[in-house]
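Q: Dumping the structure here so I can ask a few things about it.
The values are calculated or read from the model by the stated rules, or taken from the named source; none is laboratory data. All figures in this text were calculated on a predicted structure; none of them were measured in a lab. With ideal geometry, Cβ positions are generated from the backbone for all residues, glycine too; neighbour counts draw on all protein chains shown. Heavy atoms of the whole protein, side chains included, go into the accessibility calculation; ligands, DNA and RNA do not. Shrake-Rupley method; radii C 1.70, N 1.55, O 1.52, S 1.80 Å.
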Amino acid sequence: MGKKILDSKALYVALSILIALSLWFYVTAMDGREDSKVIRGVPVTFTGVDILEDRNLMVVGDNHTTSLNLRAAPTVLALLTNQTVQVTANVSNISTDGEHTLAYAVTLPAGVNQSQVEIVSGVNGNIITVKVAGFSRREIELQGEFTGTAAEGYIAGDKEDFLFSPEKLVISGQQELVNQVSYARVSIGGENLTDTVSGEFPFQLIGASGDVLENLDVTCDVESVYVTFPIQATATVPLKVNFISGGGVDASEVSYELSMDSITVAGSRDAVEALKNEGAITLATINLATVNDGDMLSFPIPLADELTNISGGAEATVTISWNKALVTQTREATHISYINLPDGWRANIVTKVLPVEIRGSEARVAEITEENLRVVVDLRDINLATGQYIVPATVYLDSAATPSEIGVLSGDHRIVVNLSKRS
């Protein structure tokens, strides 16, 4: 098989051509003969652009190129193309807008010495004409647009609920083009969504009239933005009030009305499910000894931080009423004592009579005398200094009846105590 390859006529022809070309390149390189070549589409690189921008100016247009007429040995010319040769022009001396003519420098590829190449001329001489215009850089707002739908039992956020990273965009470019931009818009779609949307999204530049500015020749500092847009679960949850029996009223004997029976909440799926499992939102637990028939009380509607009341209203009003007839009378308590007097001190009760309101059925109230009332003041935390002090007191009702049949109404019960140090 090797002999067949060596005997191949085509192989010998190819080798002959290769050797001939090599000899020709060698001879032409050694005899000093030069040829001319025009290279078209040579890219132009501008230096000093940052200085130009500091003057609020910029070079207008993209892909600046020129053509070069070069003279060199054929072997050198073979290395010179619009991919290996570059042209550099310095724009740092430009201070006004308009058209400017600049001289340029030619950069040859590595391995080619400047002395090996004669730059005969560019097509227009060794110069290039550039257009300079006003430059602008500014921040613009990001706005979101939801074009999709939320699933049943869910709600999408509104325009203000979009979160962006970065929060603003920086655009730069020709001043008259930058000034056309009002803001950048991110659109999010999707059907029957149940989860918050987040991720990288493209944006559109929007003009003052709300139109999309297609193919506007400006530069943005980012190509996309990270967006978070909430899709929240919802539920309608009833409100309720709990009661503690007291003041002559049993919790089962109370009726109440709420200014709103329920609210609709929105939030994370877990938070909404947890609230639904509770069955209701408890506004307050009311000690019946502290309220009267017909009282109207307002309470804030408590919600976890993860939930929002989308029904509106921060509080609800409760109107309380009794289901039985009660009377309220004032009795004078004269049995006043103290407990927990610190060692080394003497206490004297200055207050001798304390008015106390009691409530219950007419028959039960009639049974109560001053003997049934005790007033006790705890001196454990009293200020240990000689003098008179106003101290909170607790009133006890000693009766055979239960607190749901008759009781003392809670109030600001205080007595005066004179404190002195034992000698």
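Q: On full extension of the chain, what length is gained from Leu258 through Asp295, given 0.36 nm per residue of separation minus the C-alpha to C-alpha distance?
A: 12.1 nm
Q: Next up: On a C-alpha basis, how far is the centre of the range 363-380 from the centre of the range 88-165 in Å? Whole number, if you could?
A: A separation of 90 Å, based on Cα centres.
Q: Using the 2.2 N^0.38 Å rule of thumb for compact globular proteins, work out how the range 88-139 stacks up: its C-alpha Rg over that value, please.
A: Working: Rg = 15.4 Å, N = 52, 2.2 N^0.38 = 9.9 Å.
Its radius of gyration relative to the 2.2 N^0.38 Å reference: 1.56.
Q: Just the number, please: carbon plus sulfur as a percent of the accessible area of the range 50-118, 1.4 Å probe, no ligands or DNA/RNA counted.
A: 41
Q: I'd like to know how the range 178-293 sits against the 2.2 N^0.38 Å rule of thumb: what's its Cα Rg over that expected value?
A: That ratio works out to 1.94.
Q: Dividing the convex hull volume of the Cα atoms of the range 227-329 by its residue count, what figure in Å³ per residue is obtained?
A: So the per-residue hull volume is 96 Å³.
Q: Moving on. Just to be sure I understand the model, the point goes 7 Å from the Cα along the line to the Cβ. What's the resulting Asn383 to Thr228 distance in nm?
A: 5.1
Q: Percent of accessible area on the range 164-279 owned by carbon and sulfur, 1.4 Å probe?
A: The value for the range 164-279 is 42 percent carbon and sulfur by accessible area.
Q: Let me ask something additional. Show Asp293, Asp381 ordered by accessible area, largest first, where the area counts protein heavy atoms only and the probe is 1.4 Å.
A: Largest to smallest exposure gives the sequence Asp381, Asp293.
Q: Once the convex hull of the C-alpha atoms of the range 85-237 is built, how many Å³ does it hold per residue, rounded to a whole number? Show your work: numbers first, answer last.
A: Values: hull volume 27.1 nm³, N = 153.
About 177 Å³ per residue, rounded to a whole number.
Q: In cubic angstrom, how much convex hull volume per residue do the alpha carbon atoms of the chain span?
A: 434
Q: His335: accessible area at probe 1.4 Å, nearest 10 Å²?
A: 80
Q: If I model a spin label as a point 7 Å beyond the Cα along the Cα-Cβ vector, how far apart are those points for Asp211 and Ala151 in nm?
A: Label-label distance for Asp211 and Ala151, simple model: 4.1 nm.
Q: Sorted by average packing, counted as other Cβ atoms within 10 angstrom per residue and highest first, what order do 213-219, 373-379 take?
A: Working: 213-219: 11.6, 373-379: 18.7.
Result, highest mean Cβ count within 10 Å first: 373-379, 213-219.
Q: Taking the Cα centre of the range 46-157 as origin, sum charge times position over the Cβ atoms of Lys and Arg (+1) and Asp and Glu (-1), and report the length of that vector in debye to the nearest 20.
A: Dipole of the range 46-157, to the nearest 20 debye: 600 debye.
Q: What residue among Gly61, Gly279, Gly344 has the largest mean-square fluctuation in a Gaussian network model of the chain, using Cα springs under 10 Å?
A: The residue that fluctuates most here is Gly344.
Q: To continue, here is another question. Give me the net charge of Glu152's neighbourhood, meaning all other residues with Cβ under 15 Å from the Cβ of Glu152; Lys, Arg count +1, Asp, Glu -1.
A: On the way: positive: Arg269; negative: Glu191, Asp195.
Its environment carries a net charge of -1.
Q: Give the accessible surface of the chain per residue, rounded to a whole number of Å², with probe radius 1.4 Å and ligands, DNA and RNA excluded.
A: Value returned for the chain: 57 Å² of accessible area per residue.
Q: If you don't mind, another one. Taking only Cα atoms, what is the 0 to 90° angle, nearest 10, from helix 269-278's long axis to the longest principal axis of the chain?
A: 10
Q: Separate question: Roll a 1.4 angstrom probe over the protein heavy atoms and tell me the percent of accessible area of the range 281-422 that is carbon or sulfur. Intermediate values should be presented prior to the final figure.
A: On the way: 3700 of 7790 Å².
Taking all protein chains in place, the range 281-422 shows 47 percent carbon and sulfur surface.
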